[in-house]
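Novice: Here it is: the structure, laid out below.
The values are calculated or read from the model by the stated rules, or taken from the named source; none is laboratory data. Since this is a predicted model, take the numbers as computed values, not measurements. Cβ sites come from the backbone with ideal geometry, for glycine too, and all protein chains shown count toward neighbours. Calculation scope for accessible area: heavy atoms of the full protein, side chains included, ligands and nucleic acids excluded. Shrake-Rupley method; radii C 1.70, N 1.55, O 1.52, S 1.80 Å.
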Amino acid sequence: MPTRFRIPRLAAIRRLLRTHPRLRRTLIGIAAVCVLFLGVVVWLLFPYLRTLGDIGAGPESSPSRLYGEAAEIRVGDEIEPSDLASELQALSYRSFDGEALPAGRYREGDDALAVHLRRHMTPRGWVAGDLLLVQFKREKIVEIRDGGQPVERAELEAPVLATYYGDEGREKWPVRVADLPEPVVRAVLAAEDDSFYWHPGVSPTGILRALFVNLRQGEVKQGGSTLTQQLVKNVFLTSERSVFRKIREAFIAVAVEVQHSKKSILQGYLNGIYLGGTGGGIQYYGLGTAARAYFGKDASELTLPEAATLAGMIKSPGFYSPLAHPDHARQRRDDVLRRMAELGWIDAATLQSALAMPIETAPIRLGDRPAPHFADAMTTEARERFGLRRLGDRAYQLFSTLRLRDQALARQAVIDTLRNLDRQGRRGDDPLEAALISVDPRTGAILAYVGGRNFATSEFDRVSQAHRQAGSCFKPIVFVAALESGKFSPASILQDEPLELKAGGSLWTPKNADGEFHGDITARTALEGSRNVPLIRLGMAVGLDKVAATAHRMGIDADLDPVPALALGASAVTPREVAVVYSTLANGGLRPALHGLAGVLAPDGKPVPELKPKAPERVLDAKIAYITTTVLEGVVERGTARGVRRYSIPGPLAGKTGTTNEARDSWFAGYRPDRVTVVWVGRDNPGSTNLSGARAALPIWGRYMEGALDGAEREKFPEPPGLEHAVICRDSGLLARPICPSRIDEVFLPGQKPTQVCNLNHEPRFEETQHAFGQRLGDWLKRKFSGLFGGDEGKGRPEGAPGEAPPSEPPKPPEAPPP
């Protein structure tokens with residue numbers, strides 16, 4: 001029977017060690033060495049044990065980015081090649097005359113334009129850049145080919161509106177090794193570590209070479225670092241040159257090689273290397289960032305010479321910058337190319353072709369903010385709607401509704417108008433400021449957003465944060481409350497006569513802007529002419545509590561005091577709130593949820609869900625919204641906003657001016673069915689500007705809308721069913737007689753149409769009758785022939801909508817009185 005092996009008992013081991021002192025000393029020495037070695041390893045690795053899994057291979061540490069709405073082109077669009085080229089230039093695309101069109105370049109002809117789109121981010125994730133060919137004929141797109149295939153529409157690259165950095169200002173566009181061409185990766189390896197795939201994290205030959213150089217120099221001159229060691233230094237350590245730091249670097253490098261694949265290590269390195277920066281404190285990290293910063297393209301689109309140029313920069317980004325030192329950059333590039341040939345990674349023909357290529361840069365200014373106030377506002381929206389408390393270095397992709405072209409037009413309109421007012425002596429000690437917000441009332445999407453004339457001098461956002469008196473912009477809310485009461489219509493008669501009210505223990509006698517009183521006038525005339533006194537009477541008749549409640553329903557969030565001055569816009573509101581109010585009117589009584597973010601992607605590419613999705617809410621009867629809009633159309637046609645007609649804006653248009661006491665605030669809020677724009681002008685202190693809304697805010701509105709709606713089709717305000725129409729006398733508000741000199745086709749809620757015929761004794765002077773005849777004849781000719789000439793006059797009102805009554809026959813001239 002075989003003898004079983006038995007483990008020696010502890011007592012036997014002790015006897016053995018007592019009888020063999022040399023063995024005992026040997027075992028103690030081995031144990032001490034093991035403990036010491038383990039202690040050293042723990043000392044070297046312990047501070048980094050938790051973070052060894054994060055080597056920067058993923059996008060998590062890159063900044064978040066805010067994108068604008070991607071421009072879209074369609075077959076049939078009225079646009080010239082030069083206009084499309086301007087759109088591409090705004091996206092940092094450059095003209096190119098060579099044969100093969102590189103990514104990020106375009107070629108323009110007389111009737112065609114070709115563009116090679118860059119690889120770019122979309123709400124669906126990254127998409128490859130295609131070659132687009134656009135054919136034109138008579139200033140219109142007649143054909144679009146995407147990758148050689150005919151398509152009806154194509155989307156351009158979405159512009160970057162803002163980048164949200166961390167504290168260090170690191171610009172990073174992460175890359176994946178799998179997306180990079182093989183020559184790009186090999187250029188980096190040839191420049192930094194051609195044995196990367198064979199060593200375990202450290203290179204003994206490299207260390208010995210560096211040690212020899214350092215001993216000869218008497219100090220640390222050369223590192224002998226592998227690519228993995230460089231990654232470790234960039235991610236975990238500092239640039240300190242010391243023996244202890246080098247030892248720790250080597251140990252961590254081996255640990256990283258054990259824990260990660262070569263592909264992950266290479267990807268982390270390519271995303272973490274420093275490659276220059278801007279004078280504004282933005283630092284370029286990673287190959288993807290450098291590809292955009294220096295060559296205007298995605299890293300996956302780099303050519304061999306471009307890749308060798310960037311690989312050569314790793315050694316000294318400043319000295320070998322192709323922008324600052326092109327000669328140094330070319331020499332270093334050529335060294336990298338020759339090293340690739342020595343390694344057998346490129347053949348002789350490829351080498352000679354690459355060496356012959358000049359360095360052609362196409363830099364993009366990374367970190368620019370074409371809409372800075374909007375970018376700051378979106379951080380708030382991202383927090384409230386998507387729960388994103390921090391964006392800096394969190395790799396979120398935010399897709400906004402803002403249009404870069406509209407934003408540029410809005411900003412230019414603000415700058416030009418304020419500059420003109422400055423030249424007229426309006427500047428003063430406290431310069432004029434302005435705010436503009438433009439939205440699509442059907443969706444609530446913000447299309448343009450200017451929070452001030454210069455973000456560099458004032459980051460204060462006057463669109464969302466400036467609470468200023470609304471002035472007469474508030475009056476349509478009073479009109480809406482009156483219609484909702486069921487007691488008033490546009491033809492109701494209001495008293496425009498002196499009024500005394502008790503306010504705070506004293507008498508308040510409100511006046512009209514012109515200091516005059518016109519007696520009995522219709523509600524339409526009062527709102528079109530922005531008459532203060534009759535609208536105060538109207539608000540008091542309806543109930544100021546109801547007026548305040550109506551304002552809150554329509555989009556005003558601020559507290560409102562139910563005092564008579566409320567009817568004149570004495571309460572402070574923001575331009576954004578005013579935009580919601582007028583969007584509610586433009587959208588037929590549906591209050592949209594104003595927003596600037598269309599969606600957000602997480603670092604893993606998955607959509608971030610909304611915490612509380614917002615939908616349009618019915619807050620007004622569609623008939624009441626429509627009637628109010630028809631009156632505000634009259635404000636543009638005949639009232640305080642008739643200056644809008646100087647601009648070529650396809651109608652119909654409705655709006656209201658606003659001016660507060662001592663002209664501290666100037667407003668204009670105007671709209672058509674698909675666009676609402678609100679403009680405010682004033683001083684931050686606030687002080688008097690001596691400018692009305694028509695003189696300060698309206699020109700900004702007109703210049704912006706003229707450009708933004710250039711080429712847009714006319715859109716009628718849809719009339720809801722159930723309304724009644726009647727031709728009434730503008731003076732009496734009753735059914736008009738043929739003798740009435742001023743008639744209008746008015747619209748009414750059911751049951752409110754007047755039944756009594758005008759009883760005023762109209763006996764105008766012959767000269768006044770001649771003038772009225774001239775006006776009627778002109779209006780009739782415009783309506784009769786406007787369709788033939790394509791003009792805007794007379795085309796903006798749907799059939800049967802209020803406005804001057806359209807006679808079927810030309811008016812007859814008045815008979816002269818007997819001599």
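Novice: If packing is taken as the mean number of other Cβ atoms within 10 Å per residue, what is the order of 302-312, 259-269, highest first?
Specialist: Details: 302-312: 26.8, 259-269: 19.3.
For the peptides 302-312, 259-269, the packing ranking is 302-312, 259-269.
Novice: Here's another thing I want to ask about it. Which order, highest average first, do 142-153, 192-203 follow once you tally other Cβ atoms within 10 Å for each residue and take the mean per peptide?
Specialist: Numbers: 142-153: 12.6, 192-203: 16.8.
Taking the mean over residues of other Cβ atoms within 10 Å, the ranking is 192-203, 142-153.
Novice: Cα extents of the range 586-717 along the three principal axes, largest first, in whole Å?
Specialist: 54, 39, 32
Novice: So between residue 500 and residue 615, what do we pick up on full extension, going 0.36 nm a residue minus the alpha carbon distance? Write out the running numbers ahead of the final one.
Specialist: Details: separation 115, 0.36 × 115 = 41.40 nm, distance 4.41 nm.
Net length gain for the segment: 37.0 nm.
Novice: Counting just the Cα atoms, what span does the range 428-528 cover along each of its three principal axes? Round to the nearest Å and put the largest first.
Specialist: Per principal axis, max minus min of the Cα coordinates gives 51, 40, 25 Å.
Novice: Can you report the principal axis dimensions of the range 475-514 using only the alpha carbons, biggest first, rounded to whole angstrom?
Specialist: That works out to 33, 23, 15 Å along the principal axes.
Novice: Right, something else. For the range 306-437, compute the orientation-averaged projected area of the C-alpha convex hull (one quarter of its surface), in nm².
Specialist: Working: hull surface 57.5 nm².
Projected over every direction and averaged, the Cα hull of the range 306-437 covers 14.4 nm².
Novice: Give me the Debye-computed log₁₀ of I(q)/I(0) at q = 0.12, 0.25 Å⁻¹ for the range 494-578, equal point scatterers on Cα only, no solvent, two decimals.
Specialist: Treating every Cα as an identical point scatterer, log10 I(q)/I(0) equals -0.37, -1.27.
Novice: At a 1.4 Å probe, what is the % contribution of carbon and sulfur to the accessible area of the range 47-192? All intermediate terms of the calculation are to be shown ahead of the outcome.
Specialist: Numbers: 3150 of 7150 Å².
So the carbon and sulfur contribution to the accessible surface is 44 percent.
Novice: Write down the accessible area per residue of the range 517-636 in Å², having rolled a 1.4 Å probe over the full set of protein chains.
Specialist: Numbers: 4190 Å² over 120 residues.
Accessible surface, normalised per residue, equals 35 Å².
Novice: Give the average over all directions of the projected area of the C-alpha convex hull of the range 416-456, one decimal, in nm².
Specialist: Working: hull surface 15.0 nm².
Average of the hull's projected areas for the range 416-456 equals 3.8 nm².
Novice: What length, rounded to one decimal in nm, is gained on full extension from residue 606 through to residue 380, with 0.36 nm per residue of separation minus their alpha-carbon distance? Let's see the in-between values first.
Specialist: On the way: separation 226, 0.36 × 226 = 81.36 nm, distance 2.11 nm.
Result for the pair: 79.3 nm of gain on full extension.
Novice: Using the reciprocal of the averaged 1/r over all distinct C-alpha pairs, how large is the Kirkwood radius of the range 57-132 in Å? Can you show the working numbers first?
Specialist: Values: mean 1/r = 0.0705 Å⁻¹.
So the Kirkwood estimate lands at 14.2 Å.
Novice: Taking the Cα centre of the range 323-431 as origin, sum charge times position over the Cβ atoms of Lys and Arg (+1) and Asp and Glu (-1), and report the length of that vector in debye to the nearest 20.
Specialist: Numbers: 19 positive and 16 negative charges, 70 e Å.
For this selection, approximately 340 debye.
Novice: Let me ask something else. Go ahead and run the numbers for FRET between residue 430 and residue 149, Cβ-Cβ distance against an R0 of 56 Å, rounding to 0.05.
Specialist: Working: r = 58 Å, r/R0 = 1.04.
The pair residue 430/residue 149 has a calculated efficiency of 0.45.
Novice: Next up: Using the alpha carbons of the range 521-661, what is the convex hull volume per residue in cubic angstrom, as a whole number? Don't skip to the end; give the middle numbers.
Specialist: On the way: hull volume 22.2 nm³, N = 141.
Looking at the range 521-661, the number lands at 157 Å³ per residue.
Novice: Another question, then. Label-point separation (nm) for residue 390 and residue 80, each offset 7 Å from Cα along Cα-to-Cβ?
Specialist: 5.1 nm
Novice: If the limit is 19 Å between Cα atoms, which of 623/753; 511/546; 716/753; 487/716; 233/315 go over it? Kindly include the intermediate steps, with their values, before the conclusion.
Specialist: Numbers: 623/753 14 Å; 511/546 23 Å; 716/753 23 Å; 487/716 28 Å; 233/315 14 Å.
From the list (623/753; 511/546; 716/753; 487/716; 233/315), the Cα-Cα distance tops 19 Å for 511/546; 716/753; 487/716.
Novice: While we're on this one: In 5 Å bins starting at 0, how do the alpha-carbon pair distances of the range 233-366 split up by percent?
Specialist: P(r) for the range 233-366, in whole percents per bin: 2, 10, 17, 19, 18, 16, 11, 7, 2, 0.
Novice: Please give the per residue accessible area of the range 242-320, computed with a probe of 1.4 Å over protein heavy atoms only, in Å². Spell out each step's value before the answer.
Specialist: Numbers: 2520 Å² over 79 residues.
Averaged over the residues of the range 242-320, the accessible area is 32 Å².
Novice: Quick one: Debye curve from the C-alpha atoms of the range 693-736, no solvent, what's log10 I(q)/I(0) at q = 0.22, 0.33, 0.34 Å⁻¹?
Specialist: -0.79, -1.12, -1.13
Novice: What part of the accessible area of the range 577-653, given as a whole %, is carbon or sulfur when the probe is 1.4 angstrom?
Specialist: On the way: 1550 of 2960 Å².
Its accessible area is 52 percent carbon and sulfur atoms.
Novice: Compute the label zone of residue 725 within the range 468-500: residues whose backbone N is under 17 Å from the point 7 Å along Cα-to-Cβ.
Specialist: Answer for this model: 490-491.
Novice: What ³J(HN,Hα) values, in whole Hz, does the Karplus curve 6.51 cos²θ - 1.76 cosθ + 1.60 give for the range 579-593 when θ = phi - 60°, with x put for Gly and Pro?
Specialist: 5, 5, 4, 6, 5, 4, 5, 5, 9, x, x, 8, 7, x, 8
Novice: Same structure again: So if we plug the beta-carbon distance of residue 756 and residue 648 into 1/(1 + (r/R0)^6) with R0 = 56 Å, what FRET efficiency do we get, rounded to 0.05? Walk me through the numbers before you get to the answer.
Specialist: On the way: r = 42 Å, r/R0 = 0.75.
For R0 = 56 Å, the calculated efficiency reads 0.85.
Novice: Over the residues of the range 363-469, compute the C-alpha Rg and express it relative to 2.2 N^0.38 Å.
Specialist: 1.19
Novice: Could you work out how far the C-alpha centroid of the range 432-463 sits from that of the range 647-714, in angstrom?
Specialist: The two parts, judged by their Cα centres, are 13 Å apart.
Novice: Using the Cα centre as the reference, give the magnitude of the dipole from point charges on the C-beta atoms of the range 702-754 (Lys, Arg: +1; Asp, Glu: -1; all else neutral), rounded to the nearest 20 debye.
Specialist: Details: 7 positive and 9 negative charges, 57 e Å.
With only Lys, Arg, Asp and Glu charged at Cβ, the dipole is about 280 debye.
Novice: Report the Rg/Rh value for the range 622-663, based on alpha-carbon coordinates and the Kirkwood definition of Rh.
Specialist: Numbers: Rg = 11.7 Å, Rh = 11.2 Å.
Expressed as Rg/Rh, it is 1.05.
Novice: At 1.4 Å probe size, with every protein chain present, just tell me what the per residue accessible area of the range 331-474 comes to in Å². The partial results should precede the final answer.
Specialist: On the way: 6240 Å² over 144 residues.
Value returned for the range 331-474: 43 Å² of accessible area per residue.
Novice: Can you pull the Kirkwood radius for the range 646-733, inverse mean 1/r over Cα pairs, to one decimal in Å? Mind dumping the intermediate values first?
Specialist: Working: mean 1/r = 0.0665 Å⁻¹.
Value: 15.0 Å, from the Cα pair sum.
Novice: Are there any trypsin sites (Lys or Arg not before Pro) in the range 290-388 that are in a DSSP loop and have at most 15 other Cβ atoms within 10 Å? List them by number.
Specialist: Details: sites: 292, 297, 315, 330, 332, 333, 338, 339, 365, 383, 385; in loops: 297, 315, 365.
Those that pass, being in a loop and sparsely packed, are 315, 365.
Novice: Pull out the extension gain between residue 508 and residue 30, defined as 0.36 nm times the separation in residues minus the alpha carbon to alpha carbon distance; nm, one decimal. Write out the running numbers ahead of the final one.
Specialist: Values: separation 478, 0.36 × 478 = 172.08 nm, distance 10.06 nm.
Residue separation times 0.36 nm, minus the Cα-Cα distance, leaves 162.0 nm.
Novice: Over the Cα atoms, compute the radius of gyration (one decimal) and Dmax (the largest Cα-Cα distance, rounded to a whole number) for the range 665-704, in Å.
Specialist: For the range 665-704, the Cα radius of gyration and maximum Cα-Cα distance read 10.9, 35 Å.
Novice: Ok, one more. Search the structure for amide H atoms under 5 Å from the amide H of residue 92, placed 1.01 Å from N in the peptide plane, and list their residues when 5 or more places away or on another chain.
Specialist: Residues meeting the amide H criterion: none.
Novice: Using a Debye calculation, one point per C-alpha and no hydration shell, please list log10 I(q)/I(0) for the range 373-432 at q = 0.20 Å⁻¹ in order.
Specialist: -0.81
Novice: Something else about it: For the range 262-312, compute the orientation-averaged projected area of the C-alpha convex hull (one quarter of its surface), in nm².
Specialist: Numbers: hull surface 14.9 nm².
Directional mean of the projected Cα hull area for the range 262-312 stands at 3.7 nm².
Novice: May I ask you to work out the translational diffusion coefficient for the range 562-618 at 37 °C, viscosity 0.692 mPa s, via Stokes-Einstein with Rh from the Kirkwood sum over Cα pairs, reported in whole µm²/s?
Specialist: Numbers: Rh = 14.2 Å.
D = 230 µm²/s.
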